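Only the coordinates and a few stated rules stand behind these numbers; no lab work does. Quantities reported herein were computed from a predicted structural model and do not represent experimental measurements. Here the Cβ positions follow ideal geometry from the backbone for every residue, glycine too, while neighbour counts run over all protein chains shown.
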Ligand SMILES: Nc1ncnc2c1ncn2[C@@H]1O[C@H](COP(=O)(O)OP(=O)(O)O)[C@@H](O)[C@H]1O
Ligand SMILES: [Mg+2]
């Protein structure tokens, strides 16, 4: 029997296409249909025909659609008890830096100390007492688009006033000038001017969703790189994301050196405990060990692979009490193939 999957599309018509591609590729084991989770009759549409699992593709552009997706996942996962991949927990902490900070703290997972304020006076009081620099972040947004390093109290107070004003927090909603691919991208849009329209529409949408009336401040962690550790199913990968300017995120500069096994241990323990099987976790190395900066159940991939060991692409798996490296190509279709393989493997074994 084939696994019956429902792909839960988000507000953007193209974002679930990699799920479709993966389902097509594994068509002998999976049959699938797509439901737009943002439509009015979303629940009726999901339940219209029987299914075994829901395949989610949460969006990360605006807070309104983020909230929509989370609420409906909550109903489907917790009220209706349907199987969802990635899991509801992975979806809720995705693209929600404020909520991720609460979650990390509540679970005792090491991370940069993070303070969230909804009261301007309370935040100003905090800014008087804290040391500098500190980092300010917006809640939703990737590639360093809403992250600023504040070096003095005066600078931090200006930031605070802006967030609690009509303008809201700064968020870049144009091209990322720190990206290592800048030249290649400019050339691409010169040769394919039509491709620019969706990009401009994204910039407009993002620009229409400024963050107001709450701030996220974070302890500044000096670093030259972030570790990016990926877990899909039981396969692990890691590489370094290098900084461009003050930020590693969005630089697209990578270093494929051999990852330390202690890093894989750290991520395995964390993801095992919460049964997370679709994760890209970004970590800082600090005086107090690894610190989790971000956790993403959906993540971009700019190279064909996520890890090299001694120059060979491949994956790590923990078998027989040891980390075993297996050379090969395990990140095809931006890791969606590996996700669907995991769904097939798990669902198959649950039935037998
Ligand atoms: N607490 C911090 N201390 C120092 N630099 C940070 C801190 N948090 C983030 N950064 C830098 O800013 C970049 C973007 O921040 P991040 O939290 O990853 O947001 P984004 O969602 O934009 O990737 C990171 O890649 C890192 O280089
Ligand atoms: Mg990041």
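Averaging the sequence gap over all C-alpha pairs within less than 8 Å and six or more residues apart, then dividing by the number of residues, gives the range 3-85 a relative contact order of 37 percent. To the nearest ten degrees, helix 261-274 and the longest principal axis of the Cα atoms of the chain are 70 degrees apart.
Where does the chain land at 222 nm, in deg cm²/dmol rounded to the nearest 500, when only DSSP H runs of n ≥ 4 count, each adding -39500 (n - 2.57), divided by all residues?
Numbers: 11 runs with 115 residues, N = 352.
That comes out to -9500 deg cm²/dmol.
Among beta bridges from DSSP that stay inside the chain, the antiparallel ones total about 80%. Rounded, prolate or oblate, given the Cα gyration tensor of the range 94-211, with a/c below 1.5 counting as rounded? Prolate. Let me know the shape class of the range 3-85, please: from the alpha-carbon gyration tensor, a ≥ b ≥ c as square roots of the eigenvalues, rounded when a/c is under 1.5, otherwise prolate if a/b is greater than b/c, or oblate. Oblate, because a/c is 1.5 or more while a/b does not exceed b/c. Look at 288, 315 and count the other Cβ atoms within 10 Å of each Cβ; fewest to most, that gives 288, 315. Once you order the gyration tensor axes a ≥ b ≥ c over the Cα atoms, which shape class does the range 34-155 get: rounded for a/c under 1.5, otherwise prolate or oblate by comparing a/b with b/c? In terms of gyration-tensor shape, prolate. Cβ-to-Cβ counts within 10 Å put 104, 196 in ascending order as 196, 104, the fewest first.
Take the Cα coordinates of the chain, assign each an equal point scatterer, and use the Debye formula without solvent to give log10 I(q)/I(0) at q = 0.07, 0.11 Å⁻¹. Taken in order of the listed q values, log10 I(q)/I(0) reads -0.31, -0.80. As I understand it, the value is the acute angle between the Cα axis of helix 182-191 and the longest principal axis of the Cα atoms of the chain; what does it come to in degrees, rounded to 10? It is inclined by approximately 60 degrees. Legend: ranking of residues 4, 228 from fewest to most surrounding C-beta atoms inside 10 Å; resulting order 4, 228. The angle between the Cα long axis of helix 153-163 and the main principal axis of the chain comes to about 60°, on a 0 to 90 degree scale.
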